[in-house]
Amino acid sequence: MKTPTDTVAVRDHAGVNRDQLPATVMLPRWRSVFDIDASTRMIGLDPQAALVVGDLAPPLAELVDELRSPVAPEDFAARAAARGVPAETAYTLLHALRDAGELVDGAAAARMTAHRAAAAVLVRGTGPLTVGVVIGLCAAGIGAVHVEARGTVAGADLGTGLGDADHGRPRLEAIADAAARTVPEARVSRPPRLLVPDLVVLADEYPDPVVCADLVVGGIAHLPVRLRDGVGVVGPLVLPGRTACLECLELQRSACEPSWPRVAAQLAGRRGTADPASVPATVGLSVAQAVAAVDGTAGSTPPPGALEASLEIDAAAGTIVRRPWQPVPGCRCGAADLPRTDGRSRATIEG
């Protein structure tokens, strides 16, 4: 582990580099801060990435704790000065943390929160993954989560937010109540007629090719999530016209297995199964990929792992296998024909 002085030169006393800091700064989300002694803090727990910040004046060490919330650099420096620490020393610390990758743009985090709050995601499905994904999206701050869920709650739906008391209730009503129990401010409803969601999650059942074709024609991003032979399968995230669509996958499977179209016909509307531990594991991965897809439309985050690939999670083995997929020439989605003339991946997410 490194200290800032290992990697960052001390700024001059005039503070000429102050303008290089964002308007507000903070530690990365989820990063823990630990008190080693009066003048030392450890940021993070990862043995490969944790950072020890030492040789600080005790008042400045205490200010490191406050970087878990956004603060303007000049306000941080003013707090330091009020505690007897030169403002230039405070700026030196901020630059050191930034250069070590432990200081981020606080305003960017606020923009991402606002972006999620303005987003709309539609979840289609009838099973435990549907329930868990809806609740997870609400907990992640997605502003409007719409659900298409037929029928009534069955025993196989329980375990990811629904309980025995929900058995036999209309699925949509039970899912909305479960989300409200977990996230009181959640907005869960059936989709309005003219909804154009930021993302559609196709959960539980094998994806309906007619629905998928309509999503491609409509240019709507979609993410299939299901169980298959005891493992969870998340993705690929389809960006119509830019990445392999689900018909591309069917064409590739048919090219390898001539009998596949007959098998695929038997999968229509069928839900896969897995052991009880695999279901919540798949839910967690599905929510993470769906939220990453929504965040990606803001253009400020790395693309999700399910972009141009499916992720196969085996909870018992403790593995996630990433299976890449490429567009198929001649597929109606046209993604294989998209030129790459700007040096970017065909799959670059754009808002």
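Each value in this text was obtained by applying a stated rule to the coordinates, not by laboratory testing. Computed from a predicted model, the values in this text were never measured in an experiment. A quick note on method: Cβ atoms are made from the backbone with ideal geometry, for glycine too, and the neighbour counts reach across all protein chains shown.
Data overview
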{"quantity": "Ellipticity estimate at 222 nm from DSSP helix runs (n ≥ 4, -39,500 (n - 2.57)) divided over the chain, nearest 500", "calculated": "-10500 deg cm²/dmol"}
{"quantity": "Taking E88, E66, E205 and counting other C-beta atoms within 10 Å, the order from fewest to most", "calculated": "E66, E88, E205"}
{"quantity": "Signed unit charges on C-beta, dipole axis of region 58-187, positive-most listed residue V147, L137, G168", "calculated": "G168"}
{"quantity": "Point-charge dipole on Cβ atoms (K/R +1, D/E -1) for the chain, about Cα centre, debye to 20", "calculated": "880 debye"}
{"quantity": "Exposure proxy ranking, count of Cβ atoms within 10 Å, fewest first, for H95, H167", "calculated": "H167, H95"}
{"quantity": "Dipole of the chain, positive end: most advanced residue of G101, A203, V183 [Cβ charges, Cα centre]", "calculated": "A203"}
{"quantity": "Spatial separation of Cα centroids for region 159-201 and region 252-314, in angstrom", "calculated": "21 Å"}
{"quantity": "Placed amide H near G230: partners under 5 Å, 5+ positions off or other chain", "calculated": "T273"}
{"quantity": "Where chymotrypsin sites (Phe, Trp or Tyr not before Pro) fall in DSSP loop in region 30-102, at most 12 other Cβ within 10 Å", "calculated": "W30"}
{"quantity": "Phi to ³J(HN,Hα) by Karplus 6.51 cos²θ - 1.76 cosθ + 1.60 over region 325-333, Hz, x for Gly, Pro", "calculated": "9, 10, x, 9, x, x, 5, 5, 5"}
{"quantity": "Under the span-like rule (Cα at least 15 Å along the axis, Kyte-Doolittle mean at least 0.0), DSSP H helices of the chain", "calculated": "106-118, 128-139, 171-182, 246-256, 278-296"}
{"quantity": "Region 119-337: antiparallel DSSP beta bridges as a percent of all, rounded to 5", "calculated": "50 percent"}
{"quantity": "Charge dipole (the chain, unit charges on Cβ, about Cα centre) - positive-most of T243, Y91, Q266", "calculated": "Q266"}
